[in-house]
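In what follows, a structure is listed as structure tokens, so that the remarks can point back to it.
The values are calculated or read from the model by the stated rules, or taken from the named source; none is laboratory data. In this text the structure is predicted, and so the values were computed from the model without any measurement. Every residue, glycine among them, receives a Cβ derived from its backbone with ideal geometry; neighbour counts consider all protein chains shown. For accessibility, only protein heavy atoms count, side chains too; no ligands or nucleic acids. Shrake-Rupley method; radii C 1.70, N 1.55, O 1.52, S 1.80 Å.
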Amino acid sequence: MKNLIRAVVDASALRHNLREARKVAPDSRVMAVIKANAYGHGLVPAARAFADADGFAVARLDEGLALRAAGLTQRVLLLEGVFSADQLALAAREHFELMVHSFEQLQLLDALQGTAQVSAWIKVDSGMNRLGFRLDEFGAAYDRLRANPRVLPDPTLVTHLSSADDRRDIRTARQLRDFDAVTSALPGARSIANSAGVLAWPAARADWVRPGLMLYGVSPFPAGTGAALGLRPAMTLCSEVIAVKSVLEGEAVGYGGTWIAQRDTRMAVVAAGYGDGYPRGTQAGAPVQVGGRRAPLIGRVSMDMITVDVTDLPGVAVGDPVVLWGAAVPVEEIAAHAGTIAYELVCGVSQRVQIEVA
């Protein structure tokens, strides 16, 4: 049975965007970031579409195990690493590569039993102030990791950029400088760039790049769209009209009556709401495509429904197709109307939305 609301994912667009990442960073290997259910696009289907990537990066162990359960044998990096001896044993068994960012994780590795060796990526906190070893701690952490016989030689050296989406922000140059200062004399591959780093900071395109959002055809920058960057949006969030009603001039629509008709209005009710991941804070006027034509959102977003002014779209009827975001209605545009970022919208698609891979 076809759900009313669906996220249709274009696998050819995913493959196109991976090729674009390689085109921008031709000398780098690509660790395709597919955490958070592949940014809402479906973990396993996205991984299969990205089969030509050099590896997959996920946030947590359970995501990596889901890939293995689906029969995927590619390199898998756990971006948050592991947090217990049991997790470490599982990760070693599945040949997952581990991000090491704390002394507690070094202690777990020191206690690893058996003969298995793990591949490690060690993270420098060059200014993000989230995960990673501070600059003055990094040397000691690196020496301890390299001395561990359970860790393969020459761990990959990693940092994460805090402000790469702003080409004018001086913090990115500072982070690149500080990362180089503590790693330049060390062996091993380097990995710095996220999507914004890949697209905007050539100096961040090191041995490995870690694109995420751009692989799904969405811009990582505050303004503009993925399409303007040569990317193809992979997700189309679509639904249907479930009712068409008349609203008289002066009548209010929706919870709180925040939208009042300035004329006699034909209104379409669409099966989509914040229970599906369409953000409640989306403001009236946000574009919705109804039957291939744009119309403005009116009233508040409800849990299961939104309302759209279709007065100027003659012929709208129950069952007409609706696009909430996709190639014709960029998710970046909806995010701007909702006062948020596109990451939140695609990652927030709820479990009751049927994902279809085309």
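Some points to look at:
- Taking first residues from the stretch 44-56 that are under 15 Å from G212 (Cα atoms) and surrounded by fewer than 22 Cβ atoms within 10 Å (Cβ to Cβ) and partners that are of a type in the set (F, W, Y) and at pLDDT 95 or above, the Cβ contacts under 8 Å between residues at least 6 apart in sequence or on separate chains come to D54/W208.
- Leading residue by the ranking (surrounded by the fewest Cβ atoms within 10 Å (Cβ to Cβ)) among those in the stretch 301-331 that are more than 16 Å from K245 (Cβ to Cβ) and in contact with a helix residue (DSSP H, G or I) (Cβ under 8 Å, 6 or more places away or on another chain): A327
- Scope the stretch 233-252; condition open to solvent by less than 70 Å² (accessible area, probe 1.4 Å) and not aliphatic (A, V, I, L, M); matching residues: P233, T236, C238, S239, E240, G250
- If the condition is being open to solvent by 30 Å² or more (accessible area, probe 1.4 Å), of a type outside the set (A, V, I, L, M) and farther than 15 Å from A234 by Cα, then the stretch 11-43 contributes R22, K23, P26, D27, R29, K35.
- Among residues that are out of contact with any helix residue (DSSP H, G or I) (no Cβ under 9 Å at 6 or more places or on another chain) and not charged (D, E, K, R), N17 is not included.
- Residue in the stretch 272-282 that is among the polar types (S, T, N, Q), touching a helix residue (DSSP H, G or I) at 6+ places or on another chain (Cβ under 7 Å) and within 21 Å of G339 (Cβ to Cβ) present: yes
- Looking at the stretch 271-358, the strands (runs of 3 or more DSSP E) lying wholly inside it that each contain 2 or more residues that are of a type in the set (K, R) sit at 293-298.
- Residues in the stretch 253-271 that are touching a residue at least 40 places away in the same chain (Cβ under 8 Å), open to solvent by less than 70 Å² (accessible area, probe 1.4 Å) and at negative phi: V253, W259, T265, M267, A268, V270, A271.
- Test: G127 is at positive phi, touching a strand residue (DSSP E or B) at 6+ places or on another chain (Cβ under 8 Å) and not in a helix (DSSP H, G or I): no
- Matching residues in the stretch 132-164 - criterion: being of a type in the set (A, V, I, L, M, F, W, C), in contact with a strand residue (DSSP E or B) (Cβ under 6 Å, 6 or more places away or on another chain) and not in a strand (DSSP E or B): F138, A141, L145
- Sole exception among (1) of a type in the set (A, V, I, L, M, F, W, C); (2) surrounded by 15 or more Cβ atoms within 10 Å (Cβ to Cβ); (3) assigned to a strand (DSSP E or B) for F221, by number: (3)
One line per residue, one yes/no per condition, for (1) open to solvent by 60 Å² or more (accessible area, probe 1.4 Å); (2) more than 30 Å from A358 (Cβ to Cβ); (3) of a type outside the set (D, E, K, R):
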{"residue": "L72", "(1), (2), (3)": "no, no, yes"}
{"residue": "A92", "(1), (2), (3)": "no, yes, yes"}
{"residue": "Q105", "(1), (2), (3)": "no, yes, yes"}
{"residue": "Q113", "(1), (2), (3)": "yes, yes, yes"}
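- Of all residues in the stretch 165-191, those satisfying the criterion of being open to solvent by less than 10 Å² (accessible area, probe 1.4 Å) and either in a helix (DSSP H, G or I) or aliphatic (A, V, I, L, M) (or both) are T172, Q175, F179, T183.
- Here the helices (runs of 4 or more DSSP H) wholly within the stretch 1-115 that include at least 1 residues being of a type in the set (F, W, Y) and on the phi > 0 side of the Ramachandran plot are 35-40.
- Test: G64 is among the small types (G, A, S), within 19 Å of the chain's Cα centre (by Cα) and farther than 18 Å from Y142 by Cα: yes
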